[in-house]
Amino acid sequence: MMMKLSVQVHNSLETVSKEWPVSSADAPANARYHVFQTLTFLRVWWNSFGRGGAVTPCLMEVREAEGRPVLFAPFALSKRGLARILTFADADAADYNAPILFPVDYVWTRERAAELWRLIVEALPDFDLVIASKMPERVGGLLNPLFLIANAPNDVACHGNDLRRPWDEIERAIPFRKTLLKRMRALGRVGALDYFVVADEQDNDEVLAFVLRQKQRRFEETKVPGFDVDREKYAFFQEGTHSFARARMLHLVGLKVGNEIVGAMWGLVQDKVYYAILIGSEGSDWAKYSIGRIVYYKTLEWLHAAGFEYMDLGIGDEPWKLDHCDTTVPLAQMTVIRTWRGRWYMRRMRALESLRGTVLWRKIRPFKWVVLRRLGGAFAGHTQGRCRG
């Protein structure tokens with residue numbers, strides 16, 4: 001039988017226990033977690049996606065009777081129309097939605113996981129619907145009990161590279177490696193190549209401004225909403241860059257040709273794992289050099305030399321990820337409707353998903369963002385100067 005458990009819910013990051021990981025350098029030795037569940041990440045998240053009081057923290061701590069931690073989970077409760085929705089603290093900022101896990105003396109089964117979830121629900125404020133997506137089966141080698149009660153696979157998976165292999169083996173597996181190296185040599189003839197890891201706060205601002213500007217350019221080229229629409233996401237990177245740097249969780253790199261930045265990658269680190277979050281590269285005449293792939297290659301090489309064990313390229317089944325990664329992490333989701341409000345909300349969401357799947361919607365939707373951007377002015381004005389939270 002599972003030992004008796006107690007559940008406590010915190011509505012503030014300031015009241016959680018000292019056992020909640022702050023960063024990879026400040027956490028209990030036996031805690032297993034992803035970077036997205038650290039207090040450093042969550043503080044940045046609530047100061048951007050959670051600002052304005054629209055989202056209520058529900059930071060869950062589950063313990064055994066004698067107080068030993070079992071599971072911590074950063075849930076968020078938000079109001080959408082009439083419905084109160086329980087999710088992880090995510091809003092597309094986290095690649096993995098998982099609890100912080102601690103070793104236990106028993107084996108998690110579906111029945112035990114269901115009992116755990118019942119206790120969690122009883123401790124939470126009233127809500128109408130649970131949408132818990134992007135849940136991995138394991139966290140740091142420990143079985144995730146919430147995965148056992150998931151009721152559907154996630155629509156996309158996470159992908160990455162095992163860096164414990166010899167570099168020669170990793171390099172040989174890179175698609176079109178010879179072509180990439182040839183383009184790198186050609187780029188070097190344009191100007192001296194300088195791949196660098198950012199270590200200075202002023203350089204943080206410069207490289208951040210570059211990568212956000214290039215990401216916005218890609219949003220506009222592909223006619224999808226970008227930072228000009230999702231201001232919370234923009235605020236997340238503004239504040240996060242400096243907060244993560246102070247916590248030694250930021251890994252920001254740039255690629256210069258001569259004195260000009262042409263590529264950059266923004267990522268987070270936890271112990272020996274690197275999480276790639278944003279990659280940006282100059283377009284126009286630079287596109288023929290495959291700058292983004294060069295930055296990826298150089299980062300992969302640097303991480304391997306520095307002793308990292310895994311490069312996580314995050315969620316998404318884009319063809320280039322499938323081609324470049326040797327590891328796939330399947331994810332699951334749990335959707336539970338608890339009231340008529342939750343049922344109404346899900347019906348509305350499913351109707352919108354059906355509409356967005358039609359040929360007519362896919363043809364019309366991109367023009368919406370073209371018109372709005374012309375009416376609203378250029379986003380470039382928001383990306384000038386220093387990017388500080």
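Values as computed for the structure displayed
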read-out	value
Unique residue being outside any strand (DSSP E or B), modelled with pLDDT of 90 or more and open to solvent by 50 Å² or more (accessible area, probe 1.4 Å) when the list is 343, 386, 374	343
Some residue of segment 10-26 being of a type in the set (S, T, N, Q) and either open to solvent by less than 20 Å² (accessible area, probe 1.4 Å) or closer than 23 Å to residue 267 by Cβ (or both)	yes
Failed item, numbered, when residue 29 is tested on (1) without any contact (Cβ under 8 Å) to a residue 24 or more places away in the chain; (2) part of a strand (DSSP E or B)	(2)
Filter result for residue 192 (open to solvent by 70 Å² or more (accessible area, probe 1.4 Å), under 25 Å from residue 293 (Cβ atoms), free of Cβ contacts under 8 Å to residues at least 12 places away in the same chain and not hydroxyl-bearing (Ser, Thr, Tyr))	no
Residues located in segment 63-101, provided they are part of a strand (DSSP E or B) and open to solvent by 10 Å² or more (accessible area, probe 1.4 Å)	63, 69, 77, 78, 79, 80, 84, 87
Within segment 35-62, considering residues that are aliphatic (A, V, I, L, M) and not in a strand (DSSP E or B), the one most open to solvent (accessible area, probe 1.4 Å)	54
Failed criterion for residue 278 (all others in (1) at pLDDT 95 or above; (2) surrounded by fewer than 20 Cβ atoms within 10 Å (Cβ to Cβ); (3) under 17 Å from the mean Cα position of the chain (by Cα) hold)	(1)
Any chance residue 107 is over 22 Å from the mean Cα position of the chain (by Cα), in a loop (DSSP other than H, G, I, E, B), without any contact (Cβ under 8 Å) to a residue 40 or more places away in the chain and surrounded by fewer than 20 Cβ atoms within 10 Å (Cβ to Cβ)	yes
Among residues of segment 110-149, those that are farther than 14 Å from residue 335 by Cα, open to solvent by 30 Å² or more (accessible area, probe 1.4 Å) and within 24 Å of the chain's Cα centre (by Cα), counted	6
Residue that is open to solvent by less than 60 Å² (accessible area, probe 1.4 Å) and within 27 Å of residue 168 (Cα to Cα), where the choices are 297, 234	297
Whichever residue in segment 2-29 is touching a Pro at 6+ places or on another chain (Cβ under 8 Å) and modelled with pLDDT under 90 and, among such residues, is nearest to residue 90 (Cα to Cα)	27
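The values are calculated or read from the model by the stated rules, or taken from the named source; none is laboratory data. Source: prediction; values computed, not measured. Here Cβ is always computed from backbone atoms with ideal geometry, including for glycine, and neighbour counts include all displayed protein chains. Each accessible area value is taken on the protein alone, full model and side chains, heavy atoms only, with ligands, DNA and RNA left out. Shrake-Rupley method; radii C 1.70, N 1.55, O 1.52, S 1.80 Å.
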